[in-house]
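Chemist: Quick one: this structure, given as C-alpha cells, is what I'll be asking you about.
Coordinate-derived values only; no laboratory data. As the structure is a computational prediction, the values presented were derived from the model and not from experiment. Glycine also receives a Cβ, built like all others from the backbone with ideal geometry; neighbour counts cover every protein chain displayed.
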Amino acid sequence: LAKTTQPISMDSYEGQEVNITCSHNNIATNDYITWYQQFPSQGPRFIIQGYKTKVTNEVASLFIPADRKSSTLSLPRVSLSDTAVYYCLVGGRQAGTALIFGKGTTLSVSS
Amino acid sequence: NAGVTQTPKFQVLKTGQSMTLQCAQDMNHNSMYWYRQDPGMGLRLIYYSASEGTTDKGEVPNGYNVSRLNKREFSLRLESAAPSQTSVYFCASSEQGTKEQFFGPGTRLTVL
C-alpha cells in the first residue's frame, strides 16, 4: 500500500477555502485516492474519491496532477462545523484490499 | 436501514477478561473491517474480511481474533484483555475492496 504524508494540522477562518495536500510518491497504477472526515467521538465519513484530474461533489473537490504523486482536497468556504480530522488514503479497489489510515490532518476553523 | 451497528457502546473489563465486540451491517456489503483508534491517533486496521468466509490480518492483529459469522456480521474477540487494548473500536463495511467504507458508531473499551 502506498504511504501518504499530510500536514498534522491546519488552521482557517470561516468563509475561507481550505486546501489540504497529501503526498503519495509510490502510488501504484491501480490505486485510487480517497479522503475521509472524522468528527470527535464518531467514525470516519467518506468525503470524496478520485483517480486522476479533478473530482467534485457537493462537499469538496479533489485535484490530482498528471503524475498522481500528490493530491489536494479543497473545501470551499469552510464553516465551524468543518473542524475535524481529514484522512488521505491510497489503495486499489480490487476485492481483498484494505486501506491504511494515517494520523490525518486536524483542521481547526475559527470565527 | 441502520447501516453499521456495533454493540456494546461502552465496556469496562479487568485485565485477563475476555469479551466479543459485535458488528452488523444491513447494506449487503461484501467487505468488513475492524479498526482501533487510540487518543490522538489515526485508525489502525486490526483485521478485515474481504468476503464471507475469509479473514485477513491488518496492522495490529496481536491479541485479537475475528469471526465472519455470515455476510452481515463480523465479530472481534479479545481472549485475554490487556490495558494496552484500551481504545475505541470501529467496525466498517464496504461493497468491495477500497470503495467507500461506512463506519459504525464505535465501542469505547477500557481495560483496567
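Chemist: Can you tell me which of B:47-53, A:28-34, A:57-63 comes out highest on packing, and rank the rest after it, using the mean Cβ neighbours within 10 Å? Kindly include the intermediate steps, with their values, before the conclusion.
Modeler: Numbers: B:47-53: 18.6, A:28-34: 16.7, A:57-63: 15.1.
Ranked by mean Cβ neighbours within 10 Å, highest first: B:47-53, A:28-34, A:57-63.
Chemist: Could you calculate the FRET efficiency of residue B:20 with residue A:42 from 1/(1 + (r/R0)^6), where r is the beta carbon distance between them and R0 is 25 Å, rounded to 0.05? Mind dumping the intermediate values first?
Modeler: Values: r = 23 Å, r/R0 = 0.92.
The formula returns an efficiency of 0.65 here.
Chemist: Compare B:83, B:39, B:61 in a GNM of chain B, Cα atoms joined below 10 Å, and give the one with the largest fluctuation.
Modeler: Highest fluctuation of the listed residues: B:39.
Chemist: Let me ask something additional. Let me check against my output: what whole-number percent is the relative contact order of chain B, with C-alpha pairs under 8 Å and at least 6 apart?
Modeler: Working: 298 pairs, mean separation 39.9, N = 112.
Relative contact order here is 36 percent.
Chemist: To continue, here is another question. For a label point 7 angstrom out from the Cα of residue A:106 toward its Cβ, which stretches of the range A:37-69 have the backbone nitrogen within less than 16 Å?
Modeler: A:38-42
Chemist: Same structure again: From a point 7 Å beyond the Cα of residue B:84 in the direction of its Cβ, which residues of the range B:38-63 have a backbone N at a distance under 13 Å?
Modeler: It comes to B:60-63, nothing else.
Chemist: To continue, here is another question. Count, for each residue of B:102-108, the Cβ atoms from other chains sitting within 10 Å of its Cβ, then give me the mean as a whole number. Mind dumping the intermediate values first?
Modeler: Numbers: counts 4, 7, 2, 3, 3, 0, 1.
Neighbouring Cβ atoms belonging to other protein chains average 3 per residue here.
Chemist: On the Cα set of chain B, report Rg and Dmax in Å, please.
Modeler: Cα-based Rg and Dmax for chain B come out at 13.0, 37 Å.
Chemist: Sticking with this one: Under a cut-off of 13 Å between alpha-carbon atoms, report the aspartates and glutamates in cross-link reach of residue A:3, not counting same-chain residues fewer than 8 places apart.
Modeler: Filter leaves A:31.
Chemist: Let me ask something additional. Across peptide A:25-35, how many C-beta atoms of other chains are within 10 Å of each residue C-beta, on average? If you can, show how the numbers build up before the last one.
Modeler: Values: counts 0, 0, 0, 0, 0, 0, 1, 3, 0, 4, 0.
Across the residues of A:25-35, the mean count of other-chain Cβ atoms within 10 Å is 1.
Chemist: In whole Å, how far is the Cα centre of the range B:33-112 from that of the range A:24-45?
Modeler: Result: 17 Å between the Cα centres.
Chemist: For residue A:56 and residue B:12, what is the calculated FRET efficiency with R₀ set at 41 Å and r taken between the beta-carbons, to the nearest 0.05? Could you put the intermediate results ahead of the total?
Modeler: Values: r = 45 Å, r/R0 = 1.10.
For R0 = 41 Å, the calculated efficiency reads 0.35.
Chemist: Which shape class applies to the protein assembly as shown: rounded if a/c is under 1.5, otherwise prolate when a/b exceeds b/c and oblate if not, where a ≥ b ≥ c are the square roots of the Cα gyration tensor eigenvalues? Intermediate results must be reported in sequence, preceding the final value.
Modeler: On the way: a/c = 1.97, a/b = 1.48, b/c = 1.34.
In terms of gyration-tensor shape, prolate.
Chemist: Excluding residues fewer than 8 places away in the same chain, name every one of the aspartates and glutamates whose C-alpha is closer than 17 Å to that of residue B:9.
Modeler: Answer for residue B:9, where 17 Å is the Cα cut-off: B:38, B:73, listed by chain and number.
Chemist: Between residue A:80 and residue B:38, take the C-beta separation as r, use R0 = 35 Å, and let me know the FRET efficiency to the nearest 0.05. Provide the component values of the computation, followed by the final result.
Modeler: Working: r = 26 Å, r/R0 = 0.75.
With a Förster radius of 35 Å, E is 0.85.
Chemist: Then there is this: How much length would be gained if the chain were fully extended between residue B:60 and residue B:28, taking 0.36 nm per residue of separation minus their Cα-Cα distance, in nm to one decimal?
Modeler: Values: separation 32, 0.36 × 32 = 11.52 nm, distance 2.65 nm.
Length gained between residue B:60 and residue B:28: 8.9 nm.
Chemist: Shifting gears a bit: What percentages make up the Cα-Cα pair-distance distribution of chain A when the bins are 10 Å wide from 0?
Modeler: Final binned percentages: 15, 49, 30, 6, 0.
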